[in-house]
Amino acid sequence: MTRLRRKALVALFLFTLFIFGTMMGLRTLKPSDGFSDLAPGLDSIGERSDRRRQEAAGDVGVSPGHFQAGGSDTKVVFSRSDRDYSIFYDVHIFYYLWYGSPSVDNKYIHWDHVLVPHWDPKIAASHAQGKHTPPEDVASSFYPELGPYSSRDPKVLESHMSQIEAAAAGVVVLSWYPPGVADDHGEPTEDLVPAVMDAAHRHSIKVAFHIQPYKGRTDQSMHENIRYIIDRYGKHAAFYRFRTNTGEVLPLFYIYDSYLTPSESWAELLTAKGSRSIRGTPYDGIFLALIVEERHKYDILASGFNGVYTYFASNGFSFGSSHQNWKAIKAFCDVNNLLFIPSVGPGYIDTAVRPWNNHNTRNRVNGRYYETSLQAALSIRPEIVTITSFNQWHEGTQIERAVPKKTVTRLYLDYQPNQPDHFLQLTRQWAETFNKEKDKWLM
């Protein structure tokens with residue numbers, strides 16, 4: 001009898017040990033890299049409901065749930081508009097304000113963009129020259145549903161924010177020039193920023209700034225720009241701030257063509273020992289450099305930037321925009337405590353303004369190119385993904401609604417057989433997938 005009891009106790013002990021070991025093993029399993037088997041946008045109603053966790057933004061415009069790697073769970077907010085949509089503050093989208101039309105601006109701006117000649121005169125001679133003549137002939141291979149609009153039209157701004165909300169992107173990254181300054185083909189638009197921020201706020205969307213490489217941009221002028229932006233817009237409820245893994249809540253700035261300024265000059269602004277350092281001051285922030293060539297990553301590190309982004313929507317166009325390099329860039333950033341933000345786009349075609357640049361065209365393939373780009377981005381587990389773009393019509397990277405159009409001289413590309421909002425809906429589906437996957441990564 002004693003022997004049987006002993007055997008029973010040993011068996012019970014072994015069974016308990018087995019159960020304990022199994023449970024511990026299950027707890028240590030990590031979610032697989034990339035995606036779940038569930039296709040984007042096909043999750044159950046219950047799962048969508050779980051993701052729609054309403055988080056109130058703070059009085060100073062701090063968007064909830066912006067964390068660097070190692071932060072807490074990704075947060076989701078409800079839009080404040082009449083639509084029952086969630087938006088995601090870790091999905092950023094590049095936005096342009098440079099368009100004009102006669103009804104608002106007394107002339108077309110940017111829709112009549114010149115055909116940029118090739119730098120080699122022999123190649124330039126074999127391509128069309130001149131400029132476009134709207135409204136039938138616009139400087140894009142696609143035609144906007146709103147027509148060749150003005151960025152100053154309040155109805156256009158409202159439509160754009162509604163579309164961005166529909167796409168679930170929570171942060172508009174606004175192409176920005178200082179007051180009185182513009183790109184070579186446009187006019188100053190800084191005075192329009194308050195209207196953009198007000199329109200964004202009505203949809204619970206935040207606004208970050210994409211500082212462009214205006215003539216004479218230096219570390220000194222950048223110091224003035226940062227002070228101007230924070231002083232003028234920092235208290236607006238739509239002003240975007242990012243919460244770091246150390247708990248700091250800071251403005252976030254994208255710096256386009258940052259490589260044009262020497263790293264020594266950037267270090268004067270972005271390192272603690274710089275002669276005009278903003279570190280530790282009320283003008284501190286998260287500063288992101290554009291990585292184009294591989295060697296740029298060492299300059300970026302020496303400059304004092306907080307992270308990198310890739311911008312270009314043409315896979316293979318540059319080292320930074322090539323999907324196959326993202327894993328290595330992410331590894332470099334992780335080792336050096338930098339944020340890596342890949343940029344994805346629905347396609348690329350800029351031959352309406354650069355007729356000689358056919359070799360960089362990337363066809364949309366009814367959305368498959370976009371989905372491939374999004375999958376490549378999510379596979380490296382980024383903290384933020386940027387979309388290039390909402391409305392860069394010249395380069396054909398827009399996800400804004402487009403319609404079929406044929407004129408005597410032009411046959412525009414379109415999104416058929418899909419609807420005009422096809423790329424907005426794809427963006428929403430993948431934003432929801434991104435959020436779901438991030439919840440797994442942080443388990």
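The values are calculated or read from the model by the stated rules, or taken from the named source; none is laboratory data. Everything numeric in this text was worked out from a predicted model, so none of it was measured. Here Cβ is always computed from backbone atoms with ideal geometry, including for glycine, and neighbour counts include all displayed protein chains. For accessibility, only protein heavy atoms count, side chains too; no ligands or nucleic acids. Shrake-Rupley method; radii C 1.70, N 1.55, O 1.52, S 1.80 Å.
Assorted remarks:
- A crude spin-label estimate for the pair Ala128 and Gln419, with each label 7 Å from Cα along the Cβ direction, gives 3.2 nm.
- Average accessible area per residue (Å²) across region 141-199 - probe 1.4 Å, nucleic acids and ligands excluded: 30
- Local charge for Phe423 was computed over the other residues whose Cβ lies under 13 Å away, with Lys and Arg +1 and Asp and Glu -1, and equals -1.
- Under 5 Å, built H, 5+ apart or other chain: amide partners of Phe239: Val207
- Inverse of mean 1/r across different Cα pairs in region 301-443, Kirkwood, Å: 16.2
- Across the accessible surface of region 112-155, with the other protein chains kept in place and a 1.4 Å probe, carbon and sulfur atoms take up 60 percent.
- For region 218-297, GluC sites (Glu not before Pro) meeting the loop criterion (DSSP other than H, G, I, E, B) and having at most 11 other Cβ atoms within 10 Å: Glu293.
- Coordinate range along principal axes, alpha carbons of region 220-362, Å, largest first: 46, 33, 27
- Karplus (6.51, -1.76, 1.60) ³J(HN,Hα), θ = phi - 60°, over region 165-171, in Hz, Gly and Pro reported as x: 4, 4, 7, 6, 6, x, 10
- Element breakdown for region 306-377 at a 1.4 angstrom probe: carbon and sulfur atoms account for 47% of the accessible area.
- Of the cross-linked pairs Lys206/Lys405; Lys155/Lys330; Lys235/Lys327; Lys215/Lys438; Lys155/Lys406, those separated by over 30 Å at the C-alpha level are Lys206/Lys405; Lys155/Lys330; Lys235/Lys327; Lys215/Lys438.
- Solvent-accessible area per residue, Å², over region 233-385 with all protein chains present [probe radius 1.4 Å]: 39
- Model label points for Glu145 and Ala272, set 7 angstrom from Cα along the Cα-to-Cβ axis, are 5.1 nm apart.
- Stretchable slack from Arg295 to Asp191, in nm (0.36 nm times residue separation minus alpha-carbon distance): 33.7 nm
- Estimated Rh, region 73-220: Kirkwood, alpha-carbon pairs, angstrom: 17.2
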